[in-house]
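Structure, as structure tokens:
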Amino acid sequence: MYFLSTPQLRPGKSLTIFGIAGSTIAQIAPAFSFYFGMAVIAAGAGIGAPLVILVAAIAMTIVGFSVAAFAQKHPSNGSLVTFLGLSFGGVIGTATAVLFTAAYILLLASVMLVVGGWVADSLQSFYNIQISWIPLTIIFTVIAWFLTISGIDRSTRVATAAMIIEVAILLLVSIFVIVNPPAQLSAAPFLPSSISNGLEGLGLGFPLAVFLFIGFENSVALAEESEQPQRNIPRAVLTSIGLMGLLYLIVAYCTVEGFGNNAAALAKSSIPFMDLAQKYLGGLAVLAALAGFTSAAGTLLAGSNNLSRVIFNSAREGLFPAPLAQVSKRFGTPIVALTIPAILALAIALIVGIGSGGWLTGYSYVSSLGSIPLIIIYGAINVAVIFYKPLGLSPLRRYVLPVIGLISIAIPFWALIQPGQPAPVNLFPWIVLVLLILALLYSWWKVKTDPALPSRIGATGPGALAEESFVETTVTASSVTNEEEVSESGSSLAASAATQPEESAEVDKQATEAKELVQVAEAPQADQEDDEQELAKVAEAPQADQEGDAQEPDSAGTKDKAAQSE
């Protein structure tokens, strides 16, 4: 049976709903996502940016319902790979694994650039300490690798703690703005009329607002290491999107209000929230810089865990080479699936960062390229919900919501691939197209050489592993029962062997007694026969005497005749 040798992760402690949601929010990285996203969203939508973020939050919640439906039915470390493989077969499932892996390696590379670059710039800005981002990127990457290797519970705790710090600082600055706004607070940021250029402004800001939620699927890949995954994973997905949507709305509204609802002033700021932190916190604005660092560090940890579990599960099910499913004997983590992507991502980060002339430019290139295949997978999940009947969803959740989600995903996808973009961004769609073709060719070859591959997709999730455990337990119990029966039989045989001499003696004794009884029973008959024989002899005796007497005269007469003759 395939499952009996299946590698399994061994967490020191299973993740609770709090740990799962914390890891997911950490990967979404609200601080640094908002730092870099808000300025671009505001450039397209003006002071109506909070309303655009609200629309994006609703759209991503709809997409989240699709992911949650699969996670409830088939919780698996394979995450979106498993869901699409179950829906569309082995070729699509394997191709999804390739695209997902490529996308996340690129996104991790972009985060590595931010971790090192952000710290380098912060040291320069606040303390006038000059240090290159390159060694910082390498150092923080190695630290993150060690934390992820040492256990999911430890790395998740660190990521969650980092997330709490960044959220607290975001809310702290927002509270200062609400308490002491430069002008009277207004509801204008939530009015459709506040969006610059109407639908065009919405179209420009919406794709970037959607990118604020990338990583919401993180919790799905933690299924095997979580408590009650069929219940907790779907809740973590939707809770994370909801909480992040609420946080973004608060912080975006306070940012707009902090700039006095002035779209022109907002557009001039490269990182509006940092400008507000310096205005309201003064020398403590370094806390906002700290939030940016903890945000990037948290998403590096959470994203590495996410990707490694998907790679591990894909290798375990035969989609990728088997060595990628190797588990650390000491920590119970997928050591190979954590190490190889980290090395590749770090190499990409250094090459692109140095080649593009700086970490910030390199970040924008690598993150944009990595987002394209991930957005494709998000869209495919909505299509899968429509065609995968075993989910048993209502018409609203099976047809209406996925279609809305698909449309919502199509808008940012078009923003990433639309013609007329500057180089090298205009090459990104073609790069992804080549990657997609290569992924499909590899998938076709894998399925052709391994026809059983499609049946293994989704067969190693917590539900399947639980069934496997039941089978193994049953087999073990049966073996124990058989062993007990054999033992009892052996004991009986041994006891029989031990008592055999006694039983043989008893049998001999009984046989002897039986013989004696038979002899006793036969004795009268024998005596009677002897008596009859004696009586017969007595009866025959006179007759014999008479015959003897008769013979005697004859003998005398014969003698007389003989004498006369003489």
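The values are calculated or read from the model by the stated rules, or taken from the named source; none is laboratory data. The structure displayed is predicted, hence computed values, not measured ones. Just the protein is used for accessible areas: all its heavy atoms, side chains included, with ligands, DNA and RNA removed. Shrake-Rupley method; radii C 1.70, N 1.55, O 1.52, S 1.80 Å.
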task: Quick one: pull the percent of accessible area on region 1-135 belonging to carbon and sulfur, 1.4 Å probe, ligands and nucleic acids left out.
output: 65
message: Per residue, how much accessible surface does region 29-74 expose to a 1.4 Å probe? Answer in Å², no decimals.
response: 21
- prompt: Roughly what percent of Cα-Cα pairs across region 256-388 reach past 20 Å?
  reply: 67
- prompt: Excluding ligands and nucleic acids, what accessible area in Å² is computed for Asp450 using a 1.4 Å probe, to the nearest 10?
  reply: 40
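I'd like the Kirkwood hydrodynamic radius of region 106-171, using the inverse of the mean 1/r over distinct C-alpha pairs, in Å.
Computed over Cα pairs of region 106-171, the Kirkwood hydrodynamic radius comes out at 13.1 Å.
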query: Among Tyr127, Tyr280, what's the order by accessible area (1.4 angstrom probe), most exposed first?
result: Tyr127, Tyr280
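Can you give the accessible area per residue of region 232-346, in Å², using a 1.4 Å probe?
Accessible area per residue: 32 Å².
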message: Can you list residues from other chains, or at least 5 along the same chain, whose modelled amide H is less than 5 Å from the amide H of Leu15?
response: Ser226, Glu227
query: Short version: ³J(HN,Hα) in whole Hz for each residue of region 311-324, in order, from phi by Karplus 6.51 cos²θ - 1.76 cosθ + 1.60 (θ = phi - 60°), x for Gly and Pro, what are they?
result: 5, 4, 5, 5, 5, 5, 8, x, 6, 10, x, 4, x, 5
message: Checking the table Lys13/Lys448; Lys73/Lys448; Lys13/Lys73; Lys13/Lys446 against a 30 Å threshold on Cα-Cα, which pairs fail?
response: Lys13/Lys448; Lys13/Lys446
message: Just to check I understand the Karplus step: with θ = phi - 60° and J = 6.51 cos²θ - 1.76 cosθ + 1.60, what whole-Hz values come out for region 176-191, glycine and proline as x?
response: 4, 5, 5, 5, 9, x, x, 8, 4, 4, 9, 8, 4, x, 9, 8
- request: May I ask you to evaluate 6.51 cos²θ - 1.76 cosθ + 1.60, the Karplus curve with θ = phi - 60°, for each residue of region 266-282 and list the ³J(HN,Hα) values in order in whole Hz, giving x for glycine and proline?
  value: 5, 5, 7, 8, 6, 10, x, 5, 5, 5, 5, 4, 5, 6, 9, 9, x
- request: Please give the per residue accessible area of region 124-201, computed with a probe of 1.4 Å over protein heavy atoms only, in Å².
  value: 56
statement: Per-residue accessible area, 1.4 Å probe, largest first, puts Glu224, Glu200, Glu166 in the order Glu200, Glu224, Glu166
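Based on the Cα gyration tensor of region 1-88, what are the three equivalent ellipsoid semi-axes, each the root of five times an eigenvalue, rounded to whole Å and given largest first?
The three semi-axes for region 1-88 are 35, 17, 11 Å.
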statement: Excluding ligands, DNA and RNA, the carbon-plus-sulfur percentage of the accessible area of region 331-458 with a 1.4 Å probe reads 77
